[in-house]
Every structure is written in C-alpha cells, then in structure tokens.
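The values are calculated or read from the model by the stated rules, or taken from the named source; none is laboratory data. This is a predicted model, so every value here is computed, not measured. Neighbour counts are summed over all protein chains in view; Cβ atoms, including those assigned to glycine, are modelled from backbone coordinates with ideal geometry. Heads up: the accessible areas ignore ligands, DNA and RNA and are worked out on the full protein's heavy atoms, side chains in. Shrake-Rupley method; radii C 1.70, N 1.55, O 1.52, S 1.80 Å.
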Amino acid sequence: MKVFRSPARHGYAVEVSPFLPNRVACASSQFYGITGCGTLLLLNQTDTEVVLVRSWDWSDGLFDVTWSESNEHVLAAGGGDGSVQLWDTANQDAPLRVAKEHTQEVYAVDWSQTRGENLIVSGSWDRSIRVWDANLSPSLTTLRGHEGVVYSAVWSPHIPGCCASASGDGTLRVWDVKAAACRLAIPAHKTEILSCDWCKYDKNMVATGSVDCSVCVWDLRNVRQPISTLLGHTYAVRRVKFSPFSRTVLASCSYDFTVRFWDVSKEQPLLDTVEHHSEFVCGLDFNLHVPNQVVDCSWDETVKIYTPACLSAYLQPSVS
C-alpha cells in the first residue's frame, strides 16, 4: 500500500494515465467540496511511495478528472462553477482552455476511448450532458432528458458516439450522441444513482451504483431487471468501476468508508471489503498497465494505491 496525503484537500476522483503506468491525477476540493477552491493533483508512484509532481488550484471545487486518450500530457477536470477545464501537465500554469456552458456543478467528465473519436462528455447538476471536442470549443451537442442531477457520464469503450449517464432521477440512460437522442432509459434504482460504468469486454453490460447502497449490473438487451444485484455496502455507493483485466470483476466505493470487490459470475459475488479510509471514499480506478492495481481517494485527505489480495487469481485478462 502506498499513501499520498493531501492536507485540507478532500479527494473526489482519481484516474490513472492511459499512457504512463505510474502517473495518477486526483481531483480534490477544500471543505468537502461544499465551499472553497479545488486542486488538481498530479502524482507519480515510485517503488516505495507516491509523490506530488505538481498541482493546480482552481477557484471552485473539482469533482472529476479524465485523461486524454490521445495526448499523454492533457487532462480535463469538472468544476463546481460549471466549468470544464483542459490542463497541460507539461508546462502550463493555467488551463489551456475553460468551457463554461453548464450553469451548475460539473460532476462528471470522461474522454472517449473508441478509435476515430476524440471527444469529452460532461455531466452536470443542471441536468444536462454536453459533448465537446478535444479543444473544448463550443459544445457539439447537449443531451437533455434527465429529470435530476447528472452525477455520472461515461463513454462506451465499444460503440462510437455512445455514452451512458446516471442521475438523481433514478435512471440510467444510454445516448446516441450523433442523433442527440436517448436510446434507452432504465429505471435502474428507486433512489439517486451516483455512478455508472461500462464493462470493458461486453458492450451490453453496464453497472450502476446508488444511494440505496446497491450495485446493479445490467444487460442492455434486456433491462426488465438487473442480471446481478450486489449488496453489502451500508451507505450510498459513490463510484463503480469494471476491471480492465476481467469481464466479470468490478469494484465499488462508498460513503461507508469501504471499497468492495465483486465477481458477478460467482454465487457469492463479494470477493473482499477493503476498509482503509476514515471518511467517504469518492474516487476509484484500476491501473490499465499494472494488473489489478487499484487507486482510490477519500475525504480523509489521502490517495491510496494497492493491489487487493482477492484479485490475485485474476492476473490474466479474460475475454470469455
């Protein structure tokens, strides 16, 4: 376990670089994101520790971060002032560009992964989702339909021009960006949904995490009921992430201070519960380069990097 401490900065999101195995970005906020400024942290893990490479302060809280899939130096962050900012890790003291079309907090940003596209999606408390080019020029598309806050918006890793979103209205929605249309609206939970993620190996599998403490896994071809309902968290599930190394493994983090690991192919899907934080765990990611290495961040002012023992059986990618 490697730990980075960020005094007076409460972690909201972490993401490992798709290019550099030791590089991690963390979006953090003062005063638990309720007031004050935000800080984007650029971290590097060595063999023994996690060190700060550099940081950038922003005038409002930062709630999510995503790396460019085409430029190892560029990343985007979402702010409490309704802004999406583009940052260059190489030499910039200020953002490359700031887009401020959202009218409330931007809680989700994600960079497209499919070939032939280089797009950013943002989800906001203003109930809208916006799609941007890689330069944050005026938004290309605005997706409307949610009746509550948009907490999560993620691109399909399989289907170009397709993204999913999760909202306070209890629905998971799948969007066709080119047509600016909602193709599927799933009443996935009876309470707010704070997170969604696509399976890396199955274009039809999406997970949702909710205030009802559950994680549900959906097959988009038949959405009458989830294919798996994962129970164990005791407070709201803040983020869900599928493993890049196994089709059926996913992780979830929660306001119950824990990170849980699941295998939906097993009769008893809960693999392990990791309790190493003393506050809400908000950010979670798998390292694409280091099998089963996990990064998380919490309101307890720490970023932690570790490899859960429960994942040691999943060292080979499974595409079955």
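Here are the numbers:
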| read-out | value |
| --- | --- |
| Hits in the stretch 261-284 (condition: over 21 Å from SER214 (Cβ atoms) and either surrounded by 15 or more Cβ atoms within 10 Å (Cβ to Cβ) or within 19 Å of the chain's Cα centre (by Cα) (or both)) | HIS276, GLU279 |
| Qualifying positions in the stretch 219-255 - in contact (Cβ under 8 Å) with a residue 40 or more places away in the chain and out of contact with any strand residue (DSSP E or B) (no Cβ under 7 Å at 6 or more places or on another chain) | PHE245 |
| Residue in the stretch 279-289 that is at pLDDT 95 or above, under 23 Å from GLY78 (Cβ atoms) and in contact with a Pro (Cβ under 6 Å, 6 or more places away or on another chain) present | yes |
| Any hit, the stretch 220-238, residues being over 25 Å from ASP64 (Cα atoms) and either open to solvent by less than 10 Å² (accessible area, probe 1.4 Å) or of a type in the set (D, E, K, R) (or both) | yes |
| Tally of residues being within 21 Å of GLU101 (Cα to Cα) and assigned to a strand (DSSP E or B) across the stretch 164-182 | 8 |
| Of all residues making up the stretch 239-250, the number that are open to solvent by less than 10 Å² (accessible area, probe 1.4 Å) and over 12 Å from CYS282 (Cα atoms) | 5 |
| Pairs, first more than 28 Å from ARG144 (Cα to Cα) in the stretch 85-114, second open to solvent by 70 Å² or more (accessible area, probe 1.4 Å) and among the hydrophobic types (A, V, I, L, M, F, W, C), C-beta under 6 Å, six or more apart | ASP88/LEU96 |
| Pairs, first at pLDDT below 80 in the stretch 297-319, second among the charged types (D, E, K, R) and surrounded by fewer than 22 Cβ atoms within 10 Å (Cβ to Cβ), C-beta under 6 Å, six or more apart | SER318/ARG247 |
| Contacts under 7 angstrom Cβ, first residue in the stretch 43-63 being within 21 Å of PRO18 (Cβ to Cβ), partner open to solvent by less than 50 Å² (accessible area, probe 1.4 Å) and not in a strand (DSSP E or B), 6 or more apart | PHE63/GLY33; PHE63/GLY80; PHE63/GLU105 |
